[in-house]
Amino acid sequence: METVVNQIKSKLPENLEGLLDLAYNYWWSWNRRATKLWEKINPGHWREYKNPVKLLLDTPEERLEELSKDDDFINLYELVIDQFRHYMRPESTWFSTNYPKWEEPVIYLCMEYGISKSLPIYSGGLGILAGDHIKTASDLGIPFIGIGLLYKHGYFKQEIDKDGRQIEVFPEYNPEEMPIKPLTTEKGEQILIEVPIEDRIVYARAFEVNVGRVKLYLLDTDVPQNSPDDRTICDYLYNAEIDKRIKQEILLGIGGMRLLRTLGIEPAVIHLNEGHPAFANFQRIAWYMEEGLNFLEALTIVRGTTIFTTHTPVPAGHDRFPIGEVEKRLAKFLEGLPKEEFLNLGREGDQFNMTLLSIRTSSYVNAVSRLHSKVTKEMWRHLWDGVPLDEIPVEGITNGVHTKTWLHNEIKKLVDRYIGRVWRDYAELEGLWYGVERIPDEELWGAHLKAKREFIELIKRKIKERNERLGIDEPLPEIDENALIIGFARRFATYKRATLILTDLERLKKIVNNPERPVYIIFGGKAHPMDEAGKEFLKRVYEVSRMPEFKNKIIVFENYDMGSARAMVAGVDVWLNNPRRPLEASGTSGMKAGLNGVLNLSVYDGWWVEGYNGKNGWVIGDESFEPETEKDDIRDAQSLYDLLENEVIPTYYENRAKWIYMMKESIKSIAPRFSTHRMVKEYVEKFYSKALTNAILLKRDSFKAAREIASWKAKIF
């Protein structure tokens, strides 16, 4: 890896040496000028990979020399480097101003992270949220460390065959070509972490990812010290094999804690993003017991300093493993420890439930929207026997999105011009976004059309690549940028009801084929490799898209990823979201769309319960909180068609002024309230600051308070 750094360094002209540090910090991924800088080096390469390390490796020295003498490039380079240096060494941040004495880092653990297309260790919403959380922690100046896993094959690259069947392709990614670096000792030797699994030690190397001011550490077992089987633990994200899945979660939790200790970092506050990393608290309890505390005393400290965020609205969605399988994988770790007390923390009959482990070892538990908080309280009310439902301590902190990542460049320019660049630091201030009203209608519409053109070109490129791969000889679709474009893109899980709009094909045929008011519906998204029902939904959508009456009006594109998402959430007119209520815990894609002036057409679920104000989009079905069943699908489909025929399409084609008014209403109502700046500040104020106070109090005077609380609980319970 060091040779790659040296290889790049050796070919960079002296006046472009700053490109090396810039390439290895994902700050560039949310800076418009920085991405423009990379694009200028080689536009085609940048569009394909969005990876500055690979870009610099593949760019000939002659081209770099040429750029070093290009005045326009040098001017942009110096501006970007100056911005980067100011960002990395600010005079003050929101956090340093409000918490000047706090230095201990918050440790954030998650199974996946969506930072950029060039780091393919994410599958969907959970990872994208984790990436946005880390970027925002950087913006706010929070001492923050992320821990995850590096997957050799990532999630998967989706191909769709001629019959509409999903084919999963697992490319092997080369860490040397990614904007990440291996963790080494001062002597340059690889750092290895020892993780007890089954009856042996499994070794893990670690990589460092710079995300602005925040470090993200990724563990991987593909090292020669391990057996061939152990080297494959991190091959795939969300491995379907129980054996590999449990080992991944042990590596993430226990291995993550051991990495921190190796680096000399003492975790004061832990944030578990979903239940996958909860074994981290097993390691923390064991360490406190080594210091002379009993199990309950150690648990008291761990519980008081842990935050757990659950994203799952149904019992079946939580990670459960046969308890014997967990006990087998933890055998070496549990040697000399009170095994039953540890296992009881996650015990649910004959299963071990990672969410239960997380709840039982956390003082601070939250769901990801107000509605999801109610659903979660209902789901786990048996854990708080006798406590009234509204007093169950499950907070609702609604998800958000990292504004600088998801706001389209053309919209950014307008916001900079009419609001000022202050939104970049204070995205959560509602009053600030009222400045959107100052944007002239024609300028906002012009920016929106540019975003639509970009997305249309992306779709055409994707269709062209697929046609060439499959030997399909047919013209590319002609998509009219002035026509109404509806976007539907998300995981193809059955509860998300991708086929709802296909319920009445006769009615849909009239909607999309009206020559005076044409409509395009564009679908993207992957089904989980093991989800056959989800794959059938995808196949059905594809089959309808190939029918003569829907050809080139309903379009399915393959391999929806973070790159295509950024284009799509700004490049359609309407964002369609119709899961079966209340199965959408929050959802964030509609926030990204709304941020860009794309109007949401959604069921009343997840974040839209809080986001909808009657002027920024539409509600499919009724505005109730009643759970839906399959019987409600017909009713929701009828509501969807009615809205399209009577409100959405007529407004788009006959009342452009009202449409643009709704676009502005969407931006100004959604941008601040659903920003991760608001979300992360809530975590700091409601959870992180309290957990840090607990850490200080519980550890003071040789753990005196922890011992007293544990003793009191033992007597009471």
- Which one is modelled with the lowest pLDDT, of the residues in region 691-717 that are within 16 Å of THR361 (Cα to Cα) and surrounded by 17 or more Cβ atoms within 10 Å (Cβ to Cβ)? ALA710
- Item | region 147-188 - residue that is without any contact (Cβ under 8 Å) to a residue 40 or more places away in the chain and acidic (Asp, Glu) and, of those, surrounded by the most Cβ atoms within 10 Å (Cβ to Cβ) | GLU172
- Query: If you take the residues in region 204-223 that are over 20 Å from the mean Cα position of the chain (by Cα) and either at pLDDT below 95 or assigned to a strand (DSSP E or B) (or both), which one is farthest from VAL53 (Cα to Cα)?
  - Reply: ALA204
- Item | Which numbered condition ILE392 misses (of (1) touching a strand residue (DSSP E or B) at 6+ places or on another chain (Cβ under 8 Å); (2) surrounded by fewer than 22 Cβ atoms within 10 Å (Cβ to Cβ); (3) modelled with pLDDT of 95 or more; (4) within 27 Å of LEU129 (Cβ to Cβ)) | (1)
- Counting only helices (runs of 4 or more DSSP H) wholly inside region 524-600, the ones holding at least 1 residues that are over 23 Å from PRO477 (Cα atoms), among the polar types (S, T, N, Q) and out of contact with any Cys (no Cβ under 7 Å at 6 or more places or on another chain) are 589-595
- Query: How many residues does region 371-398 contain that are under 26 Å from SER624 (Cβ atoms), without any contact (Cβ under 8 Å) to a residue 60 or more places away in the chain, among the aliphatic types (A, V, I, L, M) and in a helix (DSSP H, G or I)?
  - Reply: 1
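Does THR398 count as crowded, with 21+ Cβ neighbours inside 10 Å, at pLDDT 95 or above and either more than 26 Å from LYS450 (Cβ to Cβ) or touching a Pro at 6+ places or on another chain (Cβ under 7 Å) (or both)?
Answer is yes for this residue.
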- Task: Answer with yes or no whether LYS54 is surrounded by fewer than 16 Cβ atoms within 10 Å (Cβ to Cβ) and at negative phi.
- Result: no
- Task: For region 69-175, please list each of the helices (runs of 4 or more DSSP H) lying entirely inside it that holds at least 2 residues being closer than 30 Å to ARG231 by Cβ.
- Result: 125-140
- Could you check, for region 402-416, whether at least one of its residues is crowded, with 23+ Cβ neighbours inside 10 Å and over 20 Å from ALA570 (Cβ atoms)? no
- Message: Can you pull out every residue in region 450-492 that is part of a strand (DSSP E or B) and not β-branched (Val, Ile, Thr)?
- Response: LEU484, GLY487, PHE488, ALA489
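Based on this model, can you work out whether ALA565 counts as surrounded by 24 or more Cβ atoms within 10 Å (Cβ to Cβ), within 30 Å of ILE167 (Cα to Cα) and not polar (S, T, N, Q)?
Criteria not met by ALA565.
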- Message: Any residue at all in region 626-642 that's part of a helix (DSSP H, G or I), modelled with pLDDT of 95 or more, small (Gly, Ala, Ser) and surrounded by 24 or more Cβ atoms within 10 Å (Cβ to Cβ)?
- Response: no
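For TYR495, indicate whether it is at pLDDT below 95, closer than 30 Å to SER369 by Cβ and either hydroxyl-bearing (Ser, Thr, Tyr) or not in a loop (DSSP other than H, G, I, E, B) (or both).
Yes: the conditions hold for TYR495.
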- Query: Just one of PHE687, PHE625 is farther than 30 Å from GLU410 by Cβ and in contact with a helix residue (DSSP H, G or I) (Cβ under 7 Å, 6 or more places away or on another chain); which is it?
  - Reply: PHE625
- Item | Test for VAL4: is it surrounded by 14 or more Cβ atoms within 10 Å (Cβ to Cβ), within 27 Å of TYR217 (Cβ to Cβ), touching a helix residue (DSSP H, G or I) at 6+ places or on another chain (Cβ under 9 Å) and modelled with pLDDT under 95 | yes
- Task: Sort out which residues of region 324-370 are crowded, with 17+ Cβ neighbours inside 10 Å, in contact (Cβ under 8 Å) with a residue 60 or more places away in the chain, out of contact with any Gly (no Cβ under 7 Å at 6 or more places or on another chain) and in a helix (DSSP H, G or I), and write them in order of number.
- Result: VAL326, ARG329, PHE342
- Query: Has region 508-521 got any residue that is in the same structural domain as LYS460 (by TED's automatic domain parsing), surrounded by fewer than 18 Cβ atoms within 10 Å (Cβ to Cβ) and part of a helix (DSSP H, G or I)?
  - Reply: yes
- Per-region count, region 498-513, residues out of contact with any strand residue (DSSP E or B) (no Cβ under 9 Å at 6 or more places or on another chain), touching a residue at least 60 places away in the same chain (Cβ under 8 Å) and not acidic (Asp, Glu): 2
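The values are calculated or read from the model by the stated rules, or taken from the named source; none is laboratory data. Computed from a prediction, not measured in an experiment: that's the story for all the values here. Don't worry about glycine lacking a Cβ; one is built from the backbone with ideal geometry, like all the others, and counts go over all protein chains shown.
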